[in-house]
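A.B. asks: Structure incoming, see below.
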Amino acid sequence: MADEPLVLGIETSCDETGVGIVRGHTLLANTVASSVEEHARFGGVVPEVASRAHLEAMTPTVERALEQAGLRFSDIDAVAVTAGPGLAGALLVGVAAAKAYALGLGVPLYGVNHLAAHVAVDQLEHGPLPKPSIAMLVSGGHSSLLLVPDVAKDVISLGSTVDDAAGEAFDKVARVLGLPFPGGPHIDRVAAEGSGMAVAFPRGKYDDGTLDFSFSGLKTAVARWVEAKERSGESVPVADVAASFQEAVVDVLTRKALQACGRYDVKDLLIGGGVAANSRLRALAQERCDAAGVRLRVPRPGLCTDNGAMIAALGSELVAAGVGPSDLDLPADSSLPITTIHV
């Protein structure tokens, strides 16, 4: 293991400044500085606020990662950074910092895809990813199904959201229910006290034959249901609404994921992204995978949300695969497609 390169990963696609250090499939450090509290009063992420927070957090977060790993700058063999997708200003902060570190240390720079990194990070916990695998990425900005023959070289899009992503729907429904931002953890917590069968909310694109997702109609249905209760002077059963909404989301997600496994005859399913930390999604996915004979891999919650370890993990995969480094004029691409793993 000592012969494998040490890769420093930097993640700034949204509101977390993440720095990770990886050697092969071994995680040595994973430090995160979140600006979520600064955004909470606005009910969502403010790009300018996120960018400023990344500027302030970058140097101390990198230093904490080195301290956590017991390393010095001179030990680093390569730097990886999120080149996209994400918030343009936030991405620029991370890319600029990564260029400076790579140039100053005289090591190669790897600009990587944030979404592919959510797939690669699982290898830090469960070892090499079976080839091929189906990956479902669910977060605030993305709900995607992918066929992954090789995470360092080939990722194929099978389906994605046509409107709101799952995480975005969680945030909007939480606001309707008077729950804090970000909505995902709070809905998960409140739903534990309610019934997922209390309200029959709609399941968008449930039987349409595609592997795409739609959560906008569900979000609107919840809002209209709550408004109707309030107009009639009735109290809103927050726990039941949260549980029923959550059940509708995870029902669709797991159904489509298993459909993808069946269509492509793949027996390994990986779930990644921030919504993968949801307890009901993890439970229902395990139940349905067991019934279908599919092996399920889900990283621990701390590796599901945005972090630098996932960027370092993908950078390590690229180095091991012999992929050449990025140029120092590497751009930040807010709409980088999932099929572009390395920039």
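The values are calculated or read from the model by the stated rules, or taken from the named source; none is laboratory data. All values derive from a computational prediction rather than experimental measurement. When we count neighbours, we look across all protein chains shown, and the Cβ atoms used for this are built from the backbone with ideal geometry, even at glycine. Accessible surface is based on the protein model in full, side chains and every heavy atom, while ligands, DNA and RNA are left aside. Shrake-Rupley method; radii C 1.70, N 1.55, O 1.52, S 1.80 Å.
A.B. asks: Might you report the magnitude of the Cβ-based charge dipole of the range 184-343 about its Cα centre, with Lys and Arg at +1 and Asp and Glu at -1, to the nearest 20 debye?
C.D. replies: Values: 17 positive and 20 negative charges, 85 e Å.
Computed about the Cα centre, the dipole is about 400 debye.
A.B. asks: Just want the answer: with Cβ charges of +1 for Lys and Arg and -1 for Asp and Glu, which residue in GLY272, LEU158, VAL236 is farthest toward the dipole's positive end in the chain?
C.D. replies: VAL236
A.B. asks: For the chain, what is the calculated [θ] at 222 nm in deg cm²/dmol (nearest 500), taking -39500 (n - 2.57) for each run of four or more DSSP H residues and dividing by its residue count?
C.D. replies: Roughly -13500 deg cm²/dmol at 222 nm, from the helical runs in the chain.
A.B. asks: Here is a further query. May I ask which residue of GLY24, VAL148, GLY204 lies farthest towards the positive end of the charge dipole of the chain, with charges of +1 (Lys, Arg) and -1 (Asp, Glu) on Cβ and the Cα centre as origin?
C.D. replies: GLY204
A.B. asks: Short version: ³J(HN,Hα) in whole Hz for each residue of the range 179-188, in order, from phi by Karplus 6.51 cos²θ - 1.76 cosθ + 1.60 (θ = phi - 60°), x for Gly and Pro, what are they?
C.D. replies: Taking θ as phi minus 60°, the curve returns 9, x, 8, x, x, x, x, 6, 5, 4 Hz for the range 179-188.
A.B. asks: Modelled label-to-label distance, ASP3 and ALA200, 7 Å Cα→beta-carbon offset: nm?
C.D. replies: Here the modelled spin labels are 6.3 nm apart.
A.B. asks: Another question, if that's okay. For the chain, with the dipole built from +1 on Lys and Arg beta-carbon atoms and -1 on Asp and Glu ones, taken about the Cα centre, which of ALA120, PRO130, ALA53 lies farthest toward the positive end?
C.D. replies: Value computed over the given set: PRO130.
A.B. asks: For the range 272-311, report the accessible area per residue in Å² (1.4 Å probe, heavy atoms, rounded to an integer).
C.D. replies: 36 Å²
A.B. asks: Quick one: 3J(HN,Hα) in Hz for the range 247-252, Karplus 6.51/-1.76/1.60 with θ = phi - 60°, rounded, Gly and Pro as x.
C.D. replies: The phi angles translate into 5, 4, 5, 6, 4, 5 Hz.
A.B. asks: A further question follows. Once amide H atoms are built 1.01 Å from N in the peptide plane, which residues 5 or more positions from ASP164, or in another chain, come under 5 Å H to H?
C.D. replies: PHE215, SER216
A.B. asks: Continuing with the same structure: With r as the distance between the Cβ atoms of ARG175 and THR210 and R0 = 30 Å, compute the FRET efficiency 1/(1 + (r/R0)^6) and round to 0.05.
C.D. replies: For R0 = 30 Å, the calculated efficiency reads 0.55.
A.B. asks: Please list, by residue number, everything in the range 175-195 whose backbone N is under 20 Å from a paramagnetic label point 7 Å out along Cα→Cβ of VAL36.
C.D. replies: 175-193
A.B. asks: Could I ask something else about it? Picking from ALA321, ALA248, ALA166, which is most flexible by a Gaussian network model of the chain using Cα springs under 10 Å?
C.D. replies: With Cα springs under 10 Å in the chain, the top fluctuation among ALA321, ALA248, ALA166 is at ALA321.
A.B. asks: Something else: What list of ³J(HN,Hα) values in whole Hz, one per residue of the range 301-318 in order, does the Karplus curve 6.51 cos²θ - 1.76 cosθ + 1.60 (θ = phi - 60°) give from phi, with Gly and Pro shown as x?
C.D. replies: For the range 301-318, the Karplus curve yields x, x, 9, 7, 6, 4, 7, x, 4, 5, 6, 5, 4, 5, x, 5, 4, 5 Hz.
A.B. asks: Out of the trypsin sites (Lys or Arg not before Pro) in the range 1-105, which ones are loop residues according to DSSP with at most 15 other C-beta atoms within 10 Å?
C.D. replies: Loop-located and lightly packed - ARG41, ARG72.
A.B. asks: In debye, nearest 20, what is the charge dipole magnitude of the chain about its Cα centre with +1 on Lys and Arg Cβ and -1 on Asp and Glu Cβ, if you could check?
C.D. replies: Details: 27 positive and 41 negative charges, 126 e Å.
Around 600 debye, computed over the chain.
A.B. asks: Which value, in Å², gives the accessible area per residue of the range 78-188 when a 1.4 Å probe is used on the protein heavy atoms?
C.D. replies: 30 Å²
A.B. asks: Restricting the count to DSSP beta bridges whose residues both fall in the chain, what percent are antiparallel, rounded to a multiple of 5?
C.D. replies: Counting only bridges with both partners in the chain, antiparallel ones make up about 60 percent.
A.B. asks: Hey, another quick one. May I ask you to list the chymotrypsin sites (Phe, Trp or Tyr not before Pro) in the range 1-106 that are in a DSSP loop and have at most 14 other Cβ atoms within 10 Å of their Cβ?
C.D. replies: PHE42
A.B. asks: Residues with amide H under 5 Å of GLY159's amide H, sequence separation 5 or more or different chain, H placed in the peptide plane at 1.01 Å from N; which?
C.D. replies: Counting only residues 5 or more places away or on other chains, the set is LEU145.
A.B. asks: Return the aspartates and glutamates within reach of LYS172: Cα separation strictly under 19 angstrom, same-chain partners fewer than 8 residues apart disregarded; answer none if there are no such residues.
C.D. replies: Answer for LYS172, where 19 Å is the Cα cut-off: ASP15, GLU37, GLU38, ASP163, ASP164, ASP188, GLU227, GLU230, ASP240, GLU247, ASP251, listed by chain and number.
A.B. asks: Distance check, please: which entries in LYS219/LYS256; LYS205/LYS229; LYS219/LYS267 exceed 23 angstrom between their Cα atoms?
C.D. replies: With Cα atoms farther than 23 Å apart: LYS205/LYS229; LYS219/LYS267.
A.B. asks: Among GLY315, GLY44, GLY86, determine the one that fluctuates most according to a GNM of the chain built with springs between C-alpha atoms less than 10 Å apart.
C.D. replies: Taking springs between Cα atoms under 10 Å, the residue moving most is GLY44.
A.B. asks: Next question, about the same structure. Given a 10 angstrom Cα cut-off, can you work out which residue in GLY127, GLY43, GLY20 is the most mobile in a GNM of the chain?
C.D. replies: GLY127
A.B. asks: Return the long-range amide H neighbours of ARG297 (sequence gap of 5 or more, or a different chain), with a cut-off of under 5 Å between placed amide H atoms.
C.D. replies: When sequence neighbours closer than 5 places are left aside, the close amide H contacts are LEU269, LEU270, ILE271.
A.B. asks: Using a 1.4 Å probe on the protein heavy atoms only, what accessible surface does LEU103 show? Give it in Å² to the nearest 10.
C.D. replies: For LEU103, the solvent-accessible surface is approximately 120 Å².
A.B. asks: Using a 1.4 Å probe on the protein chains only, how many percent of the accessible area of the range 118-206 belongs to carbon and sulfur?
C.D. replies: So the carbon and sulfur contribution to the accessible surface is 54 percent.
A.B. asks: List the GluC sites (Glu not before Pro) in the range 175-236 that DSSP assigns to loop (not H, G, I, E or B) and whose Cβ has at most 13 other Cβ atoms within 10 Å. Which are they? Working shown, then result.
C.D. replies: On the way: sites: GLU193, GLU227, GLU230, GLU234; in loops: GLU193, GLU234.
Answer in residue order: GLU193, GLU234.
A.B. asks: Determine the share of the range 1-82's accessible area contributed by carbon and sulfur atoms, expressed in whole percent, with a 1.4 angstrom probe.
C.D. replies: 49 percent
A.B. asks: Once you have the Cα-Cα distance between LYS153 and SER232, take 0.36 nm times their residue separation minus that, and quote the gain in nm to one decimal.
C.D. replies: Extending this stretch completely gives an extra 22.8 nm.
A.B. asks: Dipole of the range 247-318, Cα-centred, from +1 at each Lys and Arg C-beta and -1 at each Asp and Glu C-beta, to the nearest 20 debye?
C.D. replies: Using only the charged Cβ atoms, the result is roughly 120 debye.
A.B. asks: State the Cα centre-to-centre distance between the range 208-230 and the range 1-72 in whole Å.
C.D. replies: First find each Cα centre; the distance between them is then 34 Å.
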